[in-house]
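*Asks:* After the structure tokens below, expect a handful of questions from me.
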Amino acid sequence: MRAIQPAADRKNFSRRRSALGNGVRIVQRMQDTSPLKRLIPPQAPGRTERDVRRALAALSELDLLRLQAIARLRCRGLPGLDWQELLHEAVLRALDGSRPWPRDVKLIAFLAGIMRSLRSDHWRRQRIMAASLSAQAAEVADQAPDPERIAAAGQALAAIDRLFADDPASLAVILGLSQGLSAEEIRRRTGLSETEYDSTRKRMRRALLRHGLTGLP
Amino acid sequence: MMHRADQVLDRLLDALEAELAAAPEDEIRQAAADVRRKVSYAAWDVRGVIRRAEAATPPAVPAAPVPLPRVSPSRWH
């Protein structure tokens, strides 16, 4: 049976409730009239591990080959690591949430970004391990370039040179792209017409894709 | 100006990756034909790598709702 509330308690309760109601209304009014309100974009809910699994399952066969080619490319200059290990690690990090997947980024670009940062992680780890015998391990890791990394990069650059050894136009376009030049600047520098430039890029992509499939230059 | 080989390589890989990311699908098919690889077989290898990584990561279990602490009727108001 419900106990009858004393009149004083009922009065206090209703007063507290109306005070609370006024407070809520004041806050709402402040939010409605805040000049910042329109400037703050609504927060989209983050992608979940389930979203990653679903997107991975939805990758087309051609996108899988694209991913393989990117993984094989990113292995260049990483001794002791193959494309499968690199891709495996990237997928693991995407799934365990250690790398959040931004809403406006496609899955392939997201995985490619993880592979890119895994390269840096790999070299950082190598340097810390190599320097752990010295007293200044952490300091050394942030300082001068690592000779092993530079040597591996040199070998990787030589391998890319060999990949395009019989196509100097492709090599010139690649050089321009890596220097951040625009298509027009590359054309001006190489003397290629617009059609020649487009077909050179196409040849270059096909060579990279072939390499991505076979691993052979 | 001299550039370190690792920095040159990083920039080069970024540029080449952008090319691969933008490669039209017919070019991927043509490249597979060039090296006499069946697209479905080659894709199967990549799918295998992804499956192994998925198997190594157990699916996240949604968190159970936390029960609210019981409050005695005398403390309702």
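The values are calculated or read from the model by the stated rules, or taken from the named source; none is laboratory data. Computed from a predicted structure; not experimentally measured. Please note: Cβ atoms are built from the backbone with ideal geometry, for glycine as well, and neighbour counts cover all protein chains shown. The accessibility values were calculated without ligands, DNA or RNA, using every heavy atom of the protein model including side chains. Shrake-Rupley method; radii C 1.70, N 1.55, O 1.52, S 1.80 Å.
*Asks:* Looking only at region A:176-189, which residues are assigned to a helix (DSSP H, G or I) and surrounded by fewer than 17 Cβ atoms within 10 Å (Cβ to Cβ)?
*Replies:* A:Ala183, A:Glu184, A:Glu185, A:Arg188, A:Arg189
*Asks:* Does A:Leu86 satisfy the criteria of being surrounded by fewer than 18 Cβ atoms within 10 Å (Cβ to Cβ) and in contact with a helix residue (DSSP H, G or I) (Cβ under 9 Å, 6 or more places away or on another chain)?
*Replies:* no
*Asks:* Another question, then. So the check is Cβ under 9 Å with 6+ separation or different chains; which pairs have a first residue in region A:86-115 that's under 18 Å from A:Arg72 (Cβ atoms) and among the small types (Gly, Ala, Ser) and a second one that's open to solvent by 10 Å² or more (accessible area, probe 1.4 Å) and assigned to a loop (DSSP other than H, G, I, E, B)?
*Replies:* Listed pairs, sorted by first residue: A:Ala90/A:Arg99; A:Gly113/A:Arg99; A:Gly113/A:Val105.
*Asks:* Is region B:52-59 home to any residue that is within 13 Å of A:Leu209 (Cβ to Cβ) and either surrounded by 15 or more Cβ atoms within 10 Å (Cβ to Cβ) or at pLDDT below 90 (or both)?
*Replies:* no
*Asks:* Among (1) within 12 Å of chain B (Cβ to nearest Cβ); (2) more than 12 Å from B:Glu19 (Cβ to Cβ); (3) free of Cβ contacts under 8 Å to residues at least 40 places away in the same chain, there is one condition A:Gly215 misses while meeting the rest; what is its number?
*Replies:* Result: A:Gly215 passes all but (3).
*Asks:* Where residues in region A:97-123 are farther than 20 Å from B:Ala18 by Cβ and within 15 Å of the chain's Cα centre (by Cα), which of them is most open to solvent (accessible area, probe 1.4 Å)?
*Replies:* Pass one, region A:97-123, residues farther than 20 Å from B:Ala18 by Cβ: A:97-98, A:100, A:103, A:121-123.
Narrowing further to those that are within 15 Å of the chain's Cα centre (by Cα): A:97-98, A:100, A:103, A:121.
Details: A:Gly97: 48, A:Ser98: 70, A:Pro100: 104, A:Arg103: 119, A:Asp121: 29 Å².
Looking at the filtered set, the residue picked out is A:Arg103.
*Asks:* Right, another one. What residue, among those in region A:125-147 that are exposed (fewer than 14 other Cβ atoms within 10 Å of the Cβ) and modelled with pLDDT of 65 or more, is farthest from A:Ile70 (Cα to Cα)? Show your work before the answer.
*Replies:* In the first step, residues of region A:125-147 are kept if they are exposed (fewer than 14 other Cβ atoms within 10 Å of the Cβ); the result is A:125, A:129, A:132-136, A:138-139, A:142-144, A:147.
Checking which are modelled with pLDDT of 65 or more leaves us with A:125, A:129, A:147.
Working: A:Arg125: 22, A:Met129: 28, A:Pro147: 25 Å.
Out of the qualifying residues, it is A:Met129.
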